Amino acid sequence: MQLIPGRFGPRAYLTTLPGARPHGTIPGMKRLYWTQPDVGETEVEVVTVGPNQVTIEPILFHPEEGGQPADQGHVGEAVVNEVRVVDGQVVLTLDRPLTKGRYVARLDRQRRLHTATQHTAQHILSGLAATQFGLTTVGVHIGREGCTVDFDQKLEWDVAEELERRATAVVMLDIPVETTFQDQDTQVRSRLGQIESDVVRIVRIGDVDTSACCGAHVKTTGQIGIIRIFDLESKKQGTRASFLAGARALEQAQTETGVLRELRKMAGCASADLPAMFQKTTERSKELAKEVERIWSLRLADLVQSVEMVAVGPAQIGLYLGELPRELTAVLAGMIAEAIQGAGVVVSGTNVAISSRTLDAGGLLKKMQSVLGGKGGGSPKSANGRLDRPVTAGELLNILKQE
Ligand SMILES: [Zn+2]
């Protein structure tokens, strides 16, 4: 939905086709999705306007406009690939040329139902947010996978949940979504601010929302089903709320319930106890990691004694290849370098740490990575990284001995 704050007012969406038209005409009457949103099939007059491009009357297909994705479907045998507003006309791009004449146009009803459901749900959310919580809608996205509405202020979860409950109440009241056309209506104009075009299409959902809007809607709010807010994300001064309505909301809720079910099974507790269980497990895991590190650190002095010595020219390398927590690889490498007054190389799994008083540690790591692959680097004194695969002692000795 394209919002033009300050020009159209806070909840007015781009309403009319751009481009000139005779003053006082109401082109909206030809837009079937404005006046009869439940019509999915009708005979239309086709006029060719370009290669594989036509206009039709009445206009059955909603174009990609105002943040709502375009409708899809057929005109005769031709598949509608794209519906766009071009120079004030709704132009269909087809998969084949179509000659002038009368054809039956058919809408992809599932797709329309999806976009109209999400879009009408957004009217309800934006309307309630404005009138009951003082939140102004500053942006909207209606997508195939997800929908978002951006508010100008911070929205906390307790308010979002209340918004969901009130939106559900609006759905259950099955309120008609009414369309009216206002031609030079001074009252509408003063409410919405200055509007340059001749005709304003007003969409009204009871006393919940009244907006100037160009989109396709469901006929009554009862058709929406459920409206769910699934996520809140901070956006500068405001909040982006991710929402879904109808069948997509149910699908998403089922997916999330499935995740909870898996977590309950793994944790062996009720959903309500999961956060505390997760926190306890994380804390325990940190404690254990510390304990493991402490026990290993007691062994480091012994490990220094067990290193394999490798001579590279006049320089000495002390090599440790074996198990060790990643956090201690650099510590052990430093201890080896100190003890032998040379270079310490520690390889544990794919983790590598090198400390050196003689050879170039960073260069040595690069040499290993040129054969074994991996990431990381360092200075002549110390280097850390990962290898793409574990390495055997023989292989490592060969690499280190290479000049
Ligand atoms: Zn709308």
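The values are calculated or read from the model by the stated rules, or taken from the named source; none is laboratory data. Predicted model, so just to flag it, every value in this text is computed and none were measured. Positions of Cβ are backbone-derived with ideal geometry, glycine not excepted, and every protein chain shown enters the neighbour counts. The area values use the complete protein model at the heavy-atom level, side chains included, leaving out ligands, DNA and RNA. Shrake-Rupley method; radii C 1.70, N 1.55, O 1.52, S 1.80 Å.
The residues of the range 126-137 that are touching a helix residue (DSSP H, G or I) at 6+ places or on another chain (Cβ under 9 Å), within 12 Å of the ligand (Cβ to nearest atom) and under 21 Å from residue 176 (Cβ atoms) amount to a single one, 127.
Residue 113 meets the conditions (1) farther than 22 Å from residue 201 by Cβ; (2) open to solvent by 10 Å² or more (accessible area, probe 1.4 Å) in every case but one. The failed one is (1).
When 114, 119, 123 are checked against the criterion of being within 16 Å of the ligand (Cβ to nearest atom), in contact (Cβ under 8 Å) with a residue 24 or more places away in the chain and touching a Cys at 6+ places or on another chain (Cβ under 8 Å), 123 stands alone in meeting it. For the range 79-106, the candidate set comprises residues that are among the aliphatic types (A, V, I, L, M), open to solvent by 20 Å² or more (accessible area, probe 1.4 Å) and at pLDDT below 95; within that set, the residue that is nearest to the ligand (Cβ to nearest atom) is 85. Take the residues of the range 91-131 that are charged (D, E, K, R) and not in a strand (DSSP E or B): which is nearest to residue 62 (Cα to Cα)? Once the filter is applied, the top-ranked residue is 112.
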